[in-house]
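Visitor: Please see the structure below; I have some questions.
FYI, it's all coordinate maths here, none of it is from the lab. The model shown is predicted, which means the values in this text are computed figures rather than measured ones. No Cβ is skipped: glycine too gets one built from the backbone with ideal geometry, and neighbour counts run over all protein chains shown.
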Amino acid sequence: VLQSSKVLAKKELSYMPIIGWMWYFLEIVFCKRKWEEDRKTVMQKLLNLRDYPENFWFLIHCEGTRFTEQKHQISMQVAEAKGLPKLRYHLLPRTKGFAVTVQCLRNVVSAVYDSTLNFRNNENPTLLGVLNGKKYHADLYVRQVIDTLIPFWHTGMECSIWLHKLYQEKDAFQEEYYRTGTYPGVPIVPPRRPWTLLNWLFWALLLLYPLFKLLINMINSGSSLTLASFAFVIVMASVGVRWMIGVTEINKGSTYGNNDNKQKQK
């Protein structure tokens, strides 16, 4: 799945070392989250995907930013001002990006999938926790919406109404999850696949062997300058990784959704 996945992501992620550069060459669609600037660039990149030679998945997070209590409060003020039903567990969805995606990929995508991800026992996963070997238990709820069942493909207004209704349903599913610990329907537990572990071990050994060999040669050389240079590189790499991890932490996330919605109310 991941090898043919695309996503609508914020522009800041394209500047991240390695990951951002890789996403750029994988034709990930980046946006500045300012509609006046994104309209043409996002539409053009989405239209380019129509000629993509393989089947692909396109992920879009319609809320536009990660959930915090402050953002939720401001978002619900906007919902009240617009006469929309309030949501308890989600932010008000941004409909323009979804509508443009639907228009540009019409007759290309075969279905729309709605997904909701939860972590048990109020776990708050972070990339640093994963690197430290901490286990997280996730529950993923996925349902398919066939494109022929969506009547709004022609107008943005009908698309907006449908998306708001979808999020009201998502909120109800989330309420049931908090109450019972499960989603509607029969749960499916995929079997563990040993090939994933074997693949990881192969590439880890292949790539780390030269590094360990280099380290041993440096230690045997006895050069203080060489060892100091190697230690400096390791420290800088650790600082860089920690900076990238900060991007995944909610308390260090962007202020998008805090001030943007306030401006819309004025």
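Visitor: Compute a Gaussian network model of the chain, connecting alpha carbons closer than 10 Å, and tell me which residue from Ser223, Ser115, Ser160 fluctuates the most.
Guide: Ser223
Visitor: I'd like the orientation of helix 194-221 relative to the chain: the angle between its Cα long axis and the longest Cα principal axis, in ° from 0 to 90, rounded to 10.
Guide: Helix 194-221 sits roughly 40 degrees off the main axis of the chain.
Visitor: Next question. In a Gaussian network model over the chain where Cα atoms closer than 10 Å are linked, find which of Arg33, Arg193, Arg242 has the largest mean-square fluctuation.
Guide: The residue with the greatest mean-square fluctuation here is Arg193.
Visitor: Order of 228-234, 82-88 by packing, highest average Cβ count within 10 Å first?
Guide: 82-88, 228-234
Visitor: Classify region 2-191: rounded, prolate or oblate, from the alpha-carbon gyration tensor (a ≥ b ≥ c, eigenvalue square roots; a/c under 1.5 rounded; otherwise prolate if a/b is larger than b/c)?
Guide: It is rounded, given that a/c, with a ≥ b ≥ c, falls under 1.5.
Visitor: In degrees, nearest 10, range 0 to 90: what is the angle between the Cα axis of helix 156-180 and the longest Cα principal axis of the chain?
Guide: 70 degrees
Visitor: Which of the three applies to region 194-245, rounded, prolate or oblate, going by the alpha-carbon gyration tensor with a ≥ b ≥ c and a/c under 1.5 meaning rounded?
Guide: oblate
Visitor: Could you identify which residue out of Ile219, Ile60, Ile18 has the top mean-square fluctuation in a GNM of the chain using Cα springs shorter than 10 Å?
Guide: Comparing Ile219, Ile60, Ile18 in the GNM, the peak value goes to Ile219.
Visitor: With each run of n ≥ 4 DSSP H residues scored as -39500 (n - 2.57), what mean residue ellipticity at 222 nm is computed for the chain after dividing by its residue count and rounding to the nearest 500 deg cm²/dmol?
Guide: Mean residue ellipticity, 222 nm, calculated: -16500 deg cm²/dmol.
Visitor: Taking the Cα centre of each part, how many Å lie between region 53-120 and region 153-195?
Guide: With region 53-120 and region 153-195 each reduced to a Cα centre, they are spaced 11 Å.
Visitor: Also, I was wondering about something else. Taking the beta-carbon count within 10 Å as an exposure proxy, list Asp139, Asp38, Asp51 from fewest neighbours to most.
Guide: Starting with the residue having the fewest Cβ neighbours, the order is Asp51, Asp139, Asp38.
Visitor: Moving on to the next point. Within a 10 angstrom radius of the beta carbon, how do Leu201, Leu47 rank from fewest other beta carbons to most?
Guide: Final ranking by Cβ density, sparse to dense: Leu201, Leu47.
Visitor: Could you order peptides 211-218, 92-99 by the average number of other Cβ atoms within 10 Å of their residues, highest first?
Guide: Output ranking for 211-218, 92-99: 92-99, 211-218.
Visitor: Another question about this same structure. Report, in listed order, any pair from Lys6/Lys40; Lys86/Lys134; Lys11/Lys213; Lys96/Lys135; Lys40/Lys86 with a Cα-Cα distance greater than 29 Å.
Guide: Lys86/Lys134; Lys11/Lys213; Lys96/Lys135; Lys40/Lys86
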